[in-house]
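Here the structure is laid out as structure tokens; the discussion comes afterwards.
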Amino acid sequence: MTTVLGVSASLRNARFGRGSRQLCDDVKGLVSRDALISYLQHQTALRADDVFAAAQQQNLTFDQVYARLRKAHGDRGLSNSEAALAAGLWGASQGGAGISHCGLADYFTYSGEHRNLEELRGKVLAADAILLSGPVYFGDRGSPAQAFIDFLREDPNCSDHIRGRLYAGIAVGAKRNGGQETTLIYQLVDMTNLDMLVVGNDSSTTSQYGGTAVAGDVGTLSDDTYGIDTAIGTGLRLARVGNVLERQAGVALRDDVRIAIWLLQDDRQHRGRTLMEAICTEVEKSIDGVSISVLDLTEEQILPCIACDVCPTGRGPRDDYRCIITAAKDLFKSRHRDLITPDAILLGAYSPVERSSVRSVYQRFIERTRYLRRDDYALGDILVAPFVISEVNSNQNLHIRMLTSFIRHNTVLHHPIIGIEHEQKLLNQDAVIQQSIGFARNALRVTAGRLRTNVKQGNSDHYQPVGYLISERQFLEDKVTGRLQASTEQRQRESLELSQRLRDGSHSSRDKESD
Ligand SMILES: Cc1cc2nc3c(=O)[nH]c(=O)nc-3n(C[C@H](O)[C@H](O)[C@H](O)COP(=O)(O)O)c2cc1C
């Protein structure tokens with residue numbers, strides 16, 4: 001069973017020690033979303049009451065109130081980001097994961113002192129996944145979250161342990177658009193750079209960067225039920241992908257895992273393609289069971305997305321092209337099948353200093369993938385990483401844009417592979433090769449687990465047209481007419497067909513438990 005460690009990153013945390021264990025027990029015992037919301041209402045109110053009661057009854061000033069709260073037992077109440085975390089842990093637990101909790105204020109204290117790091121290390125080493133929830137400070141994380149990320153990076157045992165393990169985030173800010181998304185994005189970039197595999201929230205809400213909630217003063221989070229749902233979805237997503245990683249153990253494939261490099265930007269001399277092909281050769285030499293191909297899309301005709309209201313144009317088999325743009329020469333029309341068959345994707349781009357030589361289909365390509373996302377996440381659970389080679393001083397930021405666009409496909413994000421070139425020399429070639437080999441290894445794990453999981457439990461992630469009235473109406477109609485059910489069944493059949501790729505007798509330790 002995947003164990004998700006929920007990490008609360010606020011100095012307003014109410015829970016630590018015994019209170020952390022109590023929180024997990026309480027969360028596991030909540031039988032429904034309504035029960036969760038009542039629990040959060042009660043617990044966040046307790047935290048607010050503690051503040052008011054201490055101030056009113058004894059006529060204390062705020063600094064005295066805070067001094068008193070710090071001495072509390074750590075077993076009652078929840079701060080805002082802690083309450084959002086509790087929702088995320090509930091989601092994880094509902095998805096079949098085990099849960100544990102730690103409050104960072106206990107380790108990175110008010111006085112700036114770092115203490116009991118042995119204990120924190122133990123909690124990290126016992127976890128398969130980290131769910132980090134904190135307040136937004138100036139559109140970014142607060143100092144406890146920063147201290148935690150530094151700790152993961154600097155502690156050799158932890159940095160080794162978290163490699164290839166899962167991460168997701170939740171951010172709570174006082175305002176709508178207060179920086180919840182920027183906070184999550186900076187964190188997901190840091191966590192991929194620590195070699196963690198990163199996921200966002202799931203299709204039950206929006207499939208974006210993680211949980212986002214709005215709450216300012218203590219005691220207010222439970223009013224944001226939509227934010228709570230995004231936090232629940234984040235926990236569910238961690239549990240699902242945790243299952244995928246668990247199921248890969250002992251599973252073998254009959255054929256190679258297919259890694260595609262979708263080359264979306266290059267120069268006229270095909271410098272990027274040349275460098276990437278050379279790296280692929282090195283990777284294929286070092287690791288069995290993968291084949292890598294560079295799909296040079298920079299010369300292809302790709303028409304821009306016209307933002308039609310019903311996308312895709314209907315429900316049907318995964319192989320059918322269902323975007324409204326049907327020009328024969330359009331890349332998506334002519335090569336739809338090629339785009340849905342890879343097991344793992346590297347989003348390739350070459351960024352030279354001399355922009356006039358650049359050929360880029362990047363933006364048009366990304367926006368046209370909308371029909372794949374809306375086709376119930378046709379690229380769901382696939383491993384993805386940016387593969388960007390940049391000349392020194394090219395000032396590129398494509399890899400961050402790639403991460404944030406592709407997490408919306410419900411993919412699993414991997415460490416970006418970034419090559420730095422100067423005077424026609426790839427300065428960090430060894431690192432690029434090592435990172436590419438790391439990607440290939442993780443592609444083997446995620447693919448085997450994904451195929452196995454789809455056979456065992458299916459993938460009934462439906463795209464929810466949140467914010468689109470016409471699509472919402474269509475979705476409801478598909479539900480009533482049975483088209484939705486038919487497409488779920490179609491997908492089950494497709495998963496079974498794909499399972500032919502698993503070797504006979506392939507099993508996972510997880511299957512042994514559940515069979
Ligand atoms: C130093 C500081 C900076 C803040 N910056 C932001 C911000 O940029 N955007 C925002 O929406 N909220 C901001 N807030 C509000 C907190 O994110 C918000 O109160 C949150 O609910 C606190 O969560 P907690 O109760 O778990 O500590 C800030 C708060 C503090 C103390």
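The values are calculated or read from the model by the stated rules, or taken from the named source; none is laboratory data. On a predicted model such as this, the values are computed, not experimentally measured, just so you know. With ideal geometry, Cβ positions are generated from the backbone for all residues, glycine too; neighbour counts draw on all protein chains shown. Accessible surface areas use protein heavy atoms only, side chains included; no ligands, DNA or RNA. Shrake-Rupley method; radii C 1.70, N 1.55, O 1.52, S 1.80 Å.
Laid out as a table, the results:
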quantity: Total residues in the range 461-481, condition part of a helix (DSSP H, G or I), over 14 Å from Cys311 (Cβ atoms) and open to solvent by less than 90 Å² (accessible area, probe 1.4 Å); calculated: 1
quantity: Long-range neighbours under 6 Å by Cβ, at least six apart or interchain, first residue exposed (fewer than 14 other Cβ atoms within 10 Å of the Cβ) within the range 325-343, second part of a helix (DSSP H, G or I); calculated: Thr326/Lys333
quantity: Val244 being within 20 Å of Gly449 (Cβ to Cβ) and of a type in the set (A, V, I, L, M); calculated: yes
quantity: Verdict on Asp202 being touching a residue at least 12 places away in the same chain (Cβ under 8 Å), surrounded by 24 or more Cβ atoms within 10 Å (Cβ to Cβ) and part of a loop (DSSP other than H, G, I, E, B); calculated: yes
quantity: Selection status of Arg322, at pLDDT below 90, surrounded by 13 or more Cβ atoms within 10 Å (Cβ to Cβ) and over 13 Å from Val361 (Cβ atoms); calculated: no
quantity: Matching residues in the range 1-25 - criterion: being part of a helix (DSSP H, G or I) and either within 15 Å of the ligand (Cβ to nearest atom) or surrounded by 15 or more Cβ atoms within 10 Å (Cβ to Cβ) (or both); calculated: Gly19, Ser20, Gln22, Leu23, Cys24
quantity: Some residue of the range 499-509 being part of a loop (DSSP other than H, G, I, E, B), modelled with pLDDT under 80 and loosely packed, with under 15 Cβ neighbours inside 10 Å; calculated: yes
quantity: Qualifying residue in the range 253-267 (condition: among the basic types (Lys, Arg) and more than 26 Å from the chain's Cα centre (by Cα)); calculated: yes
quantity: Selection status of Ser81, in contact with a Gly (Cβ under 8 Å, 6 or more places away or on another chain), in a helix (DSSP H, G or I) and at pLDDT 95 or above; calculated: yes
quantity: Which numbered condition Thr212 misses (of (1) more than 13 Å from the ligand (Cβ to nearest atom); (2) crowded, with 24+ Cβ neighbours inside 10 Å); calculated: (1)
quantity: Of all residues in the range 90-101 being more than 15 Å from the ligand (Cβ to nearest atom) and outside any loop (DSSP other than H, G, I, E, B), the one that is surrounded by the fewest Cβ atoms within 10 Å (Cβ to Cβ); calculated: Ser100
quantity: The range 286-304, residues that are outside any loop (DSSP other than H, G, I, E, B) and not aliphatic (A, V, I, L, M); calculated: Ser286, Ser291, Ser293, Asp296, Gln301
quantity: Filter result (more than 16 Å from the ligand (Cβ to nearest atom) and open to solvent by 20 Å² or more (accessible area, probe 1.4 Å)) within the range 215-244; calculated: Asp229, Leu236, Arg240
quantity: Single residue of the range 35-47 satisfying the filter (over 10 Å from Glu82 (Cα atoms) and under 26 Å from the mean Cα position of the chain (by Cα)) that is surrounded by the most Cβ atoms within 10 Å (Cβ to Cβ); calculated: Leu36
quantity: Flag for Arg12 being touching a residue at least 60 places away in the same chain (Cβ under 8 Å) and basic (Lys, Arg); calculated: yes
quantity: Checking Val251 against (1) of a type in the set (Val, Ile, Thr); (2) touching a His at 6+ places or on another chain (Cβ under 8 Å); (3) open to solvent by 70 Å² or more (accessible area, probe 1.4 Å), the condition it does not meet; calculated: (3)
